Amino acid sequence: MTSAETLVWTMVRGKRLGWKFRRQEPVGPYIVDFVCIGRRLVVELDGDGHGDDYDARREAHLGRLGFRVLRFDNDDLSEPAWVEQEIKAWLEDPARW
């Protein structure tokens, strides 16, 4: 795992936010960074290897499978408390869906 993935994994593992997450999990034809199956929420970390067209196609496909995608880039991870709050808010607030 990258340092960014390790940081997020420590936030979500072991039901720390009240929901079970899996990491590096296949969802359809894609491997997602983190997924909460119970809430149909995918958390993606965008490093330098991501591209807008690819990410848009991927997100559209995951949406057709009933998943919502929450994305963070490396700059967001400079504020880990904010990232954790955002993930928790998406898990707890169905209005965000």
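The values are calculated or read from the model by the stated rules, or taken from the named source; none is laboratory data. Since the model is a prediction, treat every value here as computed from it, not as a measurement. Note that each Cβ is placed from the backbone with ideal geometry, even for glycine, and that neighbours are counted across all protein chains shown. Side chains are part of the model used for accessible areas, which takes the heavy atoms of the whole protein and leaves out ligands, DNA and RNA. Shrake-Rupley method; radii C 1.70, N 1.55, O 1.52, S 1.80 Å.
Could you list which residues have their amide H under 5 Å from that of VAL43, counting only those 5 or more apart in sequence or on another chain, with H placed in the peptide plane?
PHE34, VAL35, CYS36, LEU70
Determine the per residue accessible area of the chain with all protein chains present and a 1.4 angstrom probe, expressed in square angstrom.
Dividing the accessible area of the chain by its residue count gives 59 Å².
What are the ³J(HN,Hα) couplings of the stretch 58-69, residue after residue, when phi is run through the Karplus curve with 6.51, -1.76, 1.60 and θ = phi - 60°? Round to Hz, x for glycine and proline.
Ordered by residue, 3J(HN,Hα) equals 4, 5, 4, 5, 4, x, 5, 7, x, 9, 9, 10 Hz.
Each residue of the stretch 26-33 in turn: what ³J(HN,Hα) in whole Hz from Karplus with 6.51, -1.76, 1.60 and θ = phi - 60°, glycine and Pro shown as x?
Result, rounded to whole Hz: x, 10, x, x, 10, 9, 9, 5.
Provide the per-residue ³J(HN,Hα) series for the stretch 17-22, in order, calculated from phi with Karplus coefficients 6.51, -1.76, 1.60 and θ = phi - 60°, each as a whole number of Hz, with x at glycine and proline positions.
9, x, 9, 7, 10, 10
Could you work out, for the chain, what percent of all Cα-Cα pairs fall into each 10 Å distance bin, beginning at 0 Å and stopping at the bin that holds the largest distance?
Reading the bins upward from 0: 15, 53, 31, 1.
By per-residue mean of other Cβ atoms within 10 Å, what is the highest-first order of 68-74, 35-41?
35-41, 68-74
Let me know the charge dipole size of the chain about its Cα centre in debye, to the nearest 20, where only the beta-carbon of Lys, Arg (+1) and Asp, Glu (-1) is charged.
Around 820 debye, computed over the chain.
Return the long-range amide H neighbours of ASN74 (sequence gap of 5 or more, or a different chain), with a cut-off of under 5 Å between placed amide H atoms.
For ASN74, the qualifying residues are ASP46.
Percent of accessible area on the chain owned by carbon and sulfur, 1.4 Å probe?
Whole-percent figure for carbon plus sulfur exposure: 47.
Normalised by the residues of the chain, what does the relative contact order come to in percent, with Cα pairs under 8 Å and at least six apart?
RCO, the chain: 22 percent.
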